[in-house]
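Written out below as structure tokens is the structure these notes cover.
The values are calculated or read from the model by the stated rules, or taken from the named source; none is laboratory data. For clarity, every value in this text was computed on a predicted model and none was experimentally measured. Because the Cβ atoms are built from the backbone with ideal geometry, glycine has one as well, and the counts that use them run over all protein chains shown.
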Amino acid sequence: MAVDPDFLDVHVIDLTHDGQGVADLGERRIFIPGVLPGEHIRVAPRRRRRQYHEADLIELIEPSPHRVEPPCEYFGLCGGCAVQHLSYEAQVTFKENVLKEAFSRIASVEPDLWLPPILGPEWNYRRRARLGVRYVKGKGRVLVGFKERATRYVTDMGSCRVLVEPLDIFPGVLSEVISESSLHSRLPQAELVAGEDALAVVLRVLEEPTKKDIALFSDISSKWKTDVYLQRGGPGSILALNPETTRQLSYSLNDFELILHFNPIDFIQVNAKVNVGLVRQVLNLLKVQPTDRVLDLYCGLGNFSLPLAKHASKVLGIEGDAGLVSRAANNARLNGLDNTSFMVCDLNQSEWQFMNESWDIVLLDPPRSGAQSIIQQMSSVTPRRIAYVSCHPATLARDTKELIAQGYHMTAAGIADMFPHTHHVEAIAIFER
């Protein structure tokens, strides 16, 4: 059989940070999803740019020894998991290498100690997810799932192997229920969340539901023992469908005898077991003393603040979301901690009163954009030890470079695999003066 002259035979040399294969083509590079380093492949160029090409895999000529058969039927279409075709051990190594490369390339540094990776379950680990909802006239029904890879469309999913049970079957459950409702084309999003003793679904509705809709949504509550919330506008518009039976969402940190309450759209770390390991490791590495004053930046619900308060003299948590600050303060009261206080503050600004105080320990857990503004002011605080928890190695490395310039030394770093089978890398780094 003749080979299409537009096809190219190439060897994959690397993976990008988002899990795409990389091949060289003279002065250009080709990016190909679904392939692995060391593989000999045949590809069809899809999009040509001046500096690079994008291509699709046509034939796997020589596979990698680390290639495995993806167990999910939606792999390759769904944009949720990019590296299911890579063995789990190799996934962990890939993520460690992403972190090492970022430190080397951006900050020209490596830690004294590489920490062993914090690992949890490979499947059914995700306790929170935001799913797209889209009515497709040609199919005559609603699709519920993550976005397709490289498109705006919603993947037609009946289940999802990374969601905790029983939320893993909810894409199919919600597809059937919403398809029957009058809101099938006016309900664009569903959020799923699992606490330890309660499940919740938040449905984003663009019109008022009918009595029939309310009955359909109530069936979810009764059949699946899941509390249903309707969101008619912004975050403050979320209301429980059946307030009298709605249960409090919570999770525990048993190492510290703590219980944290949260609301259905609050940010929480999605992987419960890895989060427990991450908090444990941070506390071990910070070596907090009973006389220490601790500043917890981007504190959220108090995920780190409350464990820190078990060991420190005083903890101040800073967060930009007033709702999270209120719930963090309530969590401190719930757990009988009177040495912890919380403050609403925009950490993207340049001046903060609390940065004029003395702090022995500082912890940062910023969003993907990092903590550049606050890091630039760290020299005015000069804590003896800093823990930086990051969901983006490049911004962690950028901020590391600034801390090194201020006289800090990176004593330890490593990854926590919060999102198995995806390209996301959660990392921790410890700095001392």
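Which of the following residues is more than 25 Å from D14 (Cβ to Cβ) and among the β-branched types (V, I, T): V381, V425? Even if it seems obvious, please write down each step before you answer.
On the way: V425 fails: more than 25 Å from D14 (Cβ to Cβ).
After ruling out the rest, the residue left standing is V381.
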Inset, instruction - From (1) in a loop (DSSP other than H, G, I, E, B); (2) touching a strand residue (DSSP E or B) at 6+ places or on another chain (Cβ under 7 Å); (3) assigned by TED's automatic domain parsing to the domain that holds H424, pick out the condition that doesn't hold for Q84. - result: (3)
Legend entry - Single residue of N284, N275 found to be within 24 Å of L192 (Cα to Cα) and at pLDDT 95 or above: N275
Inset, instruction - Restrict the check to the range 68-81 and report whether at least one residue is of a type in the set (V, I, T), at pLDDT 95 or above, in contact with a strand residue (DSSP E or B) (Cβ under 9 Å, 6 or more places away or on another chain) and not assigned by TED's automatic domain parsing to the domain that holds L403. - result: yes
Legend entry - Flag if R46 is over 25 Å from N97 (Cβ atoms), at pLDDT 90 or above and part of a strand (DSSP E or B): no
Inset, instruction - Pick out the one residue from S369, S379, S390 that is more than 27 Å from N97 (Cβ to Cβ) and either at pLDDT 95 or above or hydroxyl-bearing (S, T, Y) (or both). - result: S379
Legend entry - Check on L203, assigned to a strand (DSSP E or B), at pLDDT 95 or above and within 26 Å of F419 (Cβ to Cβ): yes
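S358 - would you say it is among the small types (G, A, S) and either closer than 23 Å to D399 by Cα or modelled with pLDDT under 95 (or both)? Steps first, please.
On the way: among the small types (G, A, S): yes; either closer than 23 Å to D399 by Cα or modelled with pLDDT under 95 (or both): yes.
Yes, satisfied.
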Legend entry - Odd one out for V142, checked against (1) more than 27 Å from L286 (Cα to Cα); (2) in a loop (DSSP other than H, G, I, E, B); (3) in contact with a Phe, Trp or Tyr (Cβ under 6 Å, 6 or more places away or on another chain); (4) not acidic (D, E): (2)
Inset, instruction - Mind counting the residues in the range 69-105 that are without any contact (Cβ under 8 Å) to a residue 60 or more places away in the chain, surrounded by 15 or more Cβ atoms within 10 Å (Cβ to Cβ) and farther than 23 Å from D24 by Cα? - result: 3
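Go through the range 292-326 and count every residue that is touching a residue at least 60 places away in the same chain (Cβ under 8 Å) and either outside any loop (DSSP other than H, G, I, E, B) or surrounded by fewer than 18 Cβ atoms within 10 Å (Cβ to Cβ) (or both).
Step one: filter the range 292-326 for residues touching a residue at least 60 places away in the same chain (Cβ under 8 Å), giving 292-300, 303-304, 323.
Next cut, either outside any loop (DSSP other than H, G, I, E, B) or surrounded by fewer than 18 Cβ atoms within 10 Å (Cβ to Cβ) (or both) only: 293-297, 323.
Summing the residues that are touching a residue at least 60 places away in the same chain (Cβ under 8 Å) and either outside any loop (DSSP other than H, G, I, E, B) or surrounded by fewer than 18 Cβ atoms within 10 Å (Cβ to Cβ) (or both) in the range 292-326 gives 6.
Which residue, of L258, L230, L249, L278, is closer than 19 Å to M418 by Cα and either in contact with a strand residue (DSSP E or B) (Cβ under 6 Å, 6 or more places away or on another chain) or buried (at least 20 other Cβ atoms within 10 Å of the Cβ) (or both)? Spell out how you get there, then give the answer.
On the way: L258 fails: closer than 19 Å to M418 by Cα; L230 fails: closer than 19 Å to M418 by Cα; L249 fails: closer than 19 Å to M418 by Cα.
The unique qualifying residue is L278.
How many residues does the range 24-39 hold that are farther than 21 Å from G79 by Cβ and either assigned by TED's automatic domain parsing to the domain that holds P420 or out of contact with any Leu (no Cβ under 8 Å at 6 or more places or on another chain) (or both)? Don't jump to the end; show me each part of the working.
Here is the first cut: in the range 24-39, the residues farther than 21 Å from G79 by Cβ are 24-29, 37-39.
Still in the running and either assigned by TED's automatic domain parsing to the domain that holds P420 or out of contact with any Leu (no Cβ under 8 Å at 6 or more places or on another chain) (or both): 24, 26-29, 38.
Matching residues across the range 24-39 total 6.
Results for (1) among the acidic types (D, E); (2) within 30 Å of D18 (Cβ to Cβ); (3) in contact with a strand residue (DSSP E or B) (Cβ under 6 Å, 6 or more places away or on another chain), shown as yes or no for each residue.
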site	(1), (2), (3)
V325	no, no, yes
A328	no, no, yes
Q353	no, no, no
E357	yes, no, no
L363	no, yes, yes
S390	no, yes, yes
I404	no, yes, no
Inset, instruction - Kindly indicate which of I428, I415 is more than 20 Å from G300 (Cα to Cα), under 24 Å from the mean Cα position of the chain (by Cα) and surrounded by 20 or more Cβ atoms within 10 Å (Cβ to Cβ). - result: I415
Inset, instruction - Would you point out the residue of the range 410-428, among those that are assigned to a loop (DSSP other than H, G, I, E, B) and of a type in the set (A, V, I, L, M, F, W, C), that is farthest from R385 (Cα to Cα)? - result: F419
Legend entry - Answer from L86, L8, L25, L15 - the residue that is in contact with a helix residue (DSSP H, G or I) (Cβ under 8 Å, 6 or more places away or on another chain) and at pLDDT below 95: L15
Inset, instruction - Considering only the range 166-200, state which residues are free of Cβ contacts under 8 Å to residues at least 40 places away in the same chain and not in a helix (DSSP H, G or I). - result: S181, S182, L183, R186, L199
Inset, instruction - Residue by residue through the range 332-349, note down the ones that are within 28 Å of S373 (Cα to Cα) and not in a strand (DSSP E or B). - result: A332, N339, C345, D346, L347, N348, Q349
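Find the residue count for the range 106-127, including only residues that are within 18 Å of D399 (Cα to Cα) and either aromatic (F, W, Y) or buried (at least 17 other Cβ atoms within 10 Å of the Cβ) (or both). Talk me through it step by step, then tell me what you get.
Narrowing the range 106-127 to residues within 18 Å of D399 (Cα to Cα): 106-112.
Checking which are either aromatic (F, W, Y) or buried (at least 17 other Cβ atoms within 10 Å of the Cβ) (or both) leaves us with 106-107, 111.
Counting residues in the range 106-127 that are within 18 Å of D399 (Cα to Cα) and either aromatic (F, W, Y) or buried (at least 17 other Cβ atoms within 10 Å of the Cβ) (or both) gives 3.
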Inset, instruction - Kindly indicate whether R186 is modelled with pLDDT under 95 and surrounded by fewer than 19 Cβ atoms within 10 Å (Cβ to Cβ). - result: no
